[in-house]
Amino acid sequence: MKKKVIFILSCITFTILSAVISSLLGAMSIRWEDLLQSDSMESRVFFELRIPRILLGIMVGGSLAWSGALAQGLFRNPIVDPGLIGITAGCSLFASIAIVLGTSIPFLHSIWSIVLFSFLGGISSSFIIFFFAKSKGRTDIFSLLLSGIAVNAICFSAIGILSYIANEAQLRNLSLWNMGSLGGASWTNLKSFSIFFILPLFISPFIAKQLNVFILGEREASHLGVSTEFLKTIIILLIGVSVGACIS
């Protein structure tokens, strides 16, 4: 356990150092006195473009890694990731709907509508997966995984249909959005979505012990006093919120 903690802390430290070094290397061609002038072009580029992108990259990378660790603990499989259970596909589908149908639906015709719609897609897909996996008041892990795979396939099929009916400009925007980018990072976006990145990280320590017991097996965890249904609900909800915020 200590080796895992040391490894995770080392990865986080390496990521932060890499971001800081890349930022400093990019600023070496800029005079430091220009950075201190708030009205200079160099200062605006550094503090309004580069710094928000670095912070957003750190938060997105950390949130995706944390969500993957939760998913692996839930399914007791080291190769599971949030994309396998359909949450990523739900975000992409809702964003594709906003891009392709945004011209005909007024309230979808803006970049913020695409972001919010994508975030709602991640949350909605989480609840849909959990709903279909629940039977007789109990959620089966294998049913949860199969439901995620089914939702994943349906969402990507729908994205294919939207790509077929999209015009050239919409298809270009759809392709660029699905590739992902940090180009839209700004202090406003960071303030708006930082709660969805940070809040799950504060909740996870309270379920760490239960998740460690859950890895032994659902029946064993239940005998040891862990509320497995509540734990599965919380984990799926946290993964949906975190991944939805990252992808949007």
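The values are calculated or read from the model by the stated rules, or taken from the named source; none is laboratory data. The structure displayed is predicted, hence computed values, not measured ones. Cβ: placed from backbone, ideal geometry, glycine included. Neighbour counts: every protein chain shown. Remember, those area values only see protein heavy atoms, side chains included, never the ligands or the DNA or RNA. Shrake-Rupley method; radii C 1.70, N 1.55, O 1.52, S 1.80 Å.
Between Leu190 and Asp140, what is the label-point separation in nm under the 7 Å Cα-to-beta-carbon projection?
4.7
Where a ≥ b ≥ c are the square roots of the eigenvalues of the C-alpha gyration tensor, would you call region 147-198 rounded, which needs a/c under 1.5, or, failing that, prolate if a/b is larger than b/c, or oblate?
Because a/c hits 1.5 or more and a/b fails to exceed b/c, region 147-198 counts as oblate.
Kindly give the semi-axes, whole Å and largest first, of the ellipsoid equivalent to region 89-209, taking each as the square root of 5 times a Cα gyration tensor eigenvalue.
Over the Cα atoms of region 89-209, the ellipsoid semi-axes are 28, 22, 11 Å.
With each label point set 7 Å from Cα along the Cα-Cβ vector, what nm distance links Leu171 and Arg50?
In this crude label model, Leu171 to Arg50 measures out at 3.9 nm.
Report the local net charge at Ser222: Lys and Arg +1, Asp and Glu -1, summed over other residues whose C-beta lies under 14 Å from its C-beta.
-1
Would you mind working out the accessible area per residue for region 143-248, using a 1.4 Å probe, and quoting it in Å²?
In whole numbers, region 143-248 has 57 Å² accessible per residue.
Sorted by average packing, counted as other Cβ atoms within 10 angstrom per residue and highest first, what order do 71-81, 146-156 take?
146-156, 71-81
Tell me the Kirkwood radius of region 179-241: reciprocal of the mean inverse pair distance over distinct alpha-carbon atoms, in Å.
Across region 179-241, the inverse of the average 1/r is 13.8 Å.
Can you list the HN-Hα couplings for region 74-85, worked out from phi with the Karplus curve (6.51, -1.76, 1.60; θ = phi - 60°), rounded to whole Hz and with x for Gly and Pro?
Calculated HN-Hα couplings, in order: 5, 8, 6, 9, x, 10, 7, 9, x, x, 6, 9 Hz.
Quick one: with all protein chains in place, what share of the accessible area of region 124-213 is carbon or sulfur, to the nearest percent (1.4 Å probe)?
70
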